[in-house]
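Colleague: Sharing a structure here in C-alpha cells format.
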Amino acid sequence: MIINLIVCLVHEAGFFETLDEMISQKYRFHHLPYIFMCGLCQVFWLSLLYIIIVGPFNLFTIALCLVNAHLTKIITPLYKLVENLVLKIIELLNKWLGL
C-alpha cells in the first residue's frame with residue numbers, strides 16, 4: 001500500500017511525463033517504455049521487486065502485488081479528492097480570516 005501511495009504521488013506530480021519529454025527532445029523518436037508511464041504497471045513491478053528482495057516469493061504474494069496494483073484505480077481518485085478538499089478548506093480559511 002505504501003508503494004502504491006508513493007507511486008501515485010510521483011505519477012501525479014508528472015515526473016515521468018517530464019522525463020519522457022526531456023528524452024524525446026534529446027533523442028528524436030525515443031520515449032520511455034510504457035512501464036514508466038503507467039501507474040498500475042509501476043506499482044506491480046515495484047511491489048514484485050520488493051517481494052523478491054524482502055519477502056517470500058510465491059503465488060500468493062504475486063496475487064497481492066496484482067491486487068495492490070489494481071488499487072491504483074482507487075488511490076489516484078482518492079488522492080485527488082483529498083487534495084481538492086484540503087484546497088477548499090484553505091480557501092475557506094482565507095476568506096474567513098480575510099487574507
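Colleague: Report the residues of region 5-47 in range of a label on Val86: point 7 Å along Cα→C-beta, backbone N strictly under 18 Å from it.
Modeller: Under 18 Å, as judged by backbone N against the label point of Val86, lie 5-15 of region 5-47.
Colleague: Is it possible to state the helix-based mean residue ellipticity at 222 nm for the chain, with each DSSP H run of 4+ residues giving -39500 (n - 2.57), the sum divided by total residues, to the nearest 500 deg cm²/dmol? What is it?
Modeller: After summing the helix terms and dividing by residue count, I get -26000 deg cm²/dmol.
Colleague: Please state the Cα pair-distance histogram of the chain with 5 angstrom bins from zero: what percent is in each bin?
Modeller: 2, 12, 17, 16, 14, 12, 11, 7, 5, 3, 1, 0
Colleague: Which of the lysines could be linked to Lys88 by a straight reach, that is with a Cα gap under 17 Å, when you skip same-chain ones fewer than 8 residues away?
Modeller: Partners found: Lys80.
Colleague: How high is the relative contact order of the chain, in percent, counting Cα pairs under 8 Å that sit 6 or more residues apart?
Modeller: Rounded, it is 31 percent for the chain.
Colleague: Select from the chain the helices, each a whole stretch of DSSP H, whose alpha-carbon atoms run 20 Å or more along the helix axis and whose Kyte-Doolittle mean is at least 1.0; answer none if there are none.
Modeller: For the chain, where a helix must reach 20 Å along its axis and average at least 1.0, the hits are 39-53.
Colleague: Sort 46-53, 90-97, 19-26, 73-80 by packing, meaning the average of other beta carbons within 10 Å per residue, with the highest value first.
Modeller: 46-53, 73-80, 19-26, 90-97
Rule-based calculations on the coordinates, nothing more; no lab input. Just so it is clear, the model here is predicted, and its values are computed rather than measured. Virtual Cβ from ideal backbone geometry, glycine too; neighbours counted across all protein chains shown.
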